[in-house]
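**Q** The structure under discussion is supplied below as structure tokens; questions concerning it will follow.
The values are calculated or read from the model by the stated rules, or taken from the named source; none is laboratory data. Note that the coordinates shown come from a computational prediction; the quantities given were computed from them, not determined experimentally. Here the Cβ is made from the backbone with ideal geometry for all residues, glycine too, and neighbour counts use every protein chain on show. SASA here: full protein model, heavy atoms, side chains in, ligands and nucleic acids out. Shrake-Rupley method; radii C 1.70, N 1.55, O 1.52, S 1.80 Å.
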Amino acid sequence: MNRFLIQVTGIFVLMMILACCRKGPDRELEDSIFVTHTSLNMIEGEEIQITASPTDQIFTWNSTDPTVASVSTTGLVRALKDGVCFVNITSSGGLYRTIPVEVTEFRPIVAIDVSETALSLALNQIFKLDATVSPKNHNEKGSFSFLWESSNTEIVTVDNEGNVEAIDFGEAIVTVLIEQKPSVKAQIIVSVPEIPITEIQVSRTSIDICPNEVITLTTILFPENYSVKDPSLVWESSDESVVTVTNGSVQAINSGSASITVSLLADPSVNTVIPVHVLFPINLLKNTTMPFITTGPQYTLPPNWWLAEDWIVNEPLIINPVVSAGRGYTLGMMAFGVNLVSPVIINGKLYQTVELEAGTYRFDAHIYQTVGVFQAYVVAVLGDELPDTEQVPQATLAFTPVPGDIPLNSNRYFSVEFTINAKSTVSLGFIGSLSQSGSNMQIHFSKVALWEKR
């Protein structure tokens, strides 16, 4: 009996398992057609193969609009024109499947747009060309790269990035094409014209210079867009015993007149001539270099200050003597505001008076240092007195302002040039005012000189 019950129970369990496998919800694979593409977005001319399963059935294929997309008996879909249709699949087992198909008009790449259609470059100039495919909304598939070529690499070269370099004068054609579609190309005419230099402009049109003085000249070549192989310049002096020149650096040797010529090495007919006058020293001024001669102690406030011999001073500078430290190493005006009769200098005047024949002259001062906020001038004046500071522009033959921030030991160069038409009395020197009590002003003159232009 027990053996019978065991057999009956086993048969019942097996039947239940078989029933579950046959009627389970996940076992309806035979009720559908499975395809590799559930929908298609295609471009005119494109082909896509659709594969259907189960493979033990025979499938029938058709298109709802064969003018838009056709389908072969094996499921090969061909896009024919812009539009929408459906591919229908029917199986021999009675299954059915529909696949939507959208066909877009084919927009191929037909041209290359380049940032420039023609180029004119200066010699050795580099210019980058940018290229893009056209139309921008093309739907041609695949990757595309540009190739660049020059018709004459002795005139123009071009690299893979579109950088064009002018090598020599002439003309060449730069071509850019699509490597994967070489029939699509664009061409750019590149010219490299020679633009000759026609003018040399020099920073000075004439030079008045003292012996041993050095002046540096600079040049500008015109036209500004010149393009030549060799823009080198040649500098020459007409008389090297008077003045020499090296790469625009002019040095005066002896008093006299000469000229400096700068010309193109490639075309000497393009040149500029600069007249040079090396001034003659006029030894009428006295006590003009360190150590300055002093007249002996005049005052004791502050100690060890003296007046400078041969220099005329007015009352503000008698209160504040003009030569310092008792050794005559500096000549100037000082108002420290400490231990002085007056803490300020108003219209201090320090000068010499000379008789000059008709001519053109230059008065020089090499200023050692200035400190403070003040108003000061180097001046040349007709007559035997200097004007006050506020009268300087109207009452002088020539003047130049002196700033208040000349660093120690800088020896800045200041000069005034003037012309007199007849023999005259001329006063040469310095005017200064410091009206701010407690401040200080120092104008130290390490050297003064008078020159004549002949």
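**Q** Summing +1 for each Lys or Arg and -1 for each Asp or Glu, what net charge is found among the other residues whose Cβ lies under 12 Å from the Cβ of K423?
**A** Net of charged neighbours comes to -2.
**Q** At each listed q (0.19, 0.20, 0.22, 0.27 Å⁻¹), what is the log10 of I(q)/I(0) that the Debye formula gives for region 139-202 modelled as equal alpha-carbon point scatterers?
**A** Each listed q corresponds, in turn, to -0.74, -0.78, -0.87, -1.09.
**Q** Two-decimal Rg/Rh of region 209-260 from alpha-carbon positions, Kirkwood Rh?
**A** 1.10
**Q** So, how do all the Cα-to-Cα distances of region 84-127 break down into 10 Å bins, in percent, from 0 on up?
**A** 17, 20, 15, 13, 11, 11, 9, 4
**Q** Something else now. Does anything in region 165-183 have its amide N under 11 Å from the 7 Å Cα→Cβ label point of E140, and if so which residues?
**A** Counting backbone N atoms under 11 Å from the label point, the list is 178-183.
**Q** Among the listed pairs K128/K181; K229/K453; K349/K453, which are separated by more than 31 Å between their Cα atoms?
**A** Long pairs (Cα-Cα over 31 Å): K229/K453.
**Q** Dividing the convex hull volume of the Cα atoms of region 47-167 by its residue count, what figure in Å³ per residue is obtained?
**A** 136 Å³
**Q** Return the tail of the calculated pair distribution for region 386-435, meaning the percent of Cα-Cα pairs more than 18 Å apart.
**A** For region 386-435, the share of Cα pairs beyond 18 Å comes to 43 percent.
**Q** For region 115-266, what does the accessible surface come to per residue with a 1.4 Å probe? Please give it in Å².
**A** Heavy-atom SASA per residue in region 115-266 reads 54 Å².
**Q** While we're on this one: Please work out how much accessible surface R454 shows to a 1.4 Å probe, ignoring ligands, DNA and RNA, in Å² rounded to 10.
**A** Near enough 150 Å² of accessible area.
**Q** Sort 275-286, 394-405 for me by packing, meaning the mean count of neighbouring Cβ atoms within 10 Å per residue, highest on top.
**A** Ranking the peptides 275-286, 394-405 by packing returns 275-286, 394-405.
**Q** Given a 1.4 Å probe and heavy atoms of the protein chains only, how would you sort Y351, Y413, largest accessible area at the top?
**A** So the residues, ranked largest to smallest area, are Y413, Y351.
**Q** Sequence gap at least 6, Cα distance under 8 Å: using those rules, report the relative contact order of region 45-144 to the nearest whole percent.
**A** Relative CO of region 45-144 lands at 21 percent.
**Q** May I ask you to evaluate 6.51 cos²θ - 1.76 cosθ + 1.60, the Karplus curve with θ = phi - 60°, for each residue of region 385-402 and list the ³J(HN,Hα) values in order in whole Hz, giving x for glycine and proline?
**A** Calculated HN-Hα couplings, in order: 9, 9, x, 6, 4, 6, 9, 4, x, 8, 10, 10, 5, 6, 8, 9, x, 10 Hz.
**Q** Show me the ranking of peptides 213-222, 307-316, 159-168 by mean Cβ neighbours inside 10 Å, starting with the highest.
**A** Highest-to-lowest ranking by the protection proxy: 307-316, 159-168, 213-222.
**Q** Further question on the same structure: Out of every Cα-Cα pair in region 179-276, what percent are more than 23 Å apart?
**A** Percentage above 23 Å: 41.
**Q** For region 244-290, restrict the atom set to alpha-carbon positions and state the Rg and Dmax in Å.
**A** Cα radius of gyration and Dmax of region 244-290 are 15.9, 52 Å respectively.
**Q** Can you give me the long-range amide H partners of I282? Hydrogens built in the peptide plane at 1.01 Å from N, cutoff under 5 Å, separation of 5 or more residues or another chain.
**A** Those lying under 5 Å, H to H, from I282 are L450, W451, E452.
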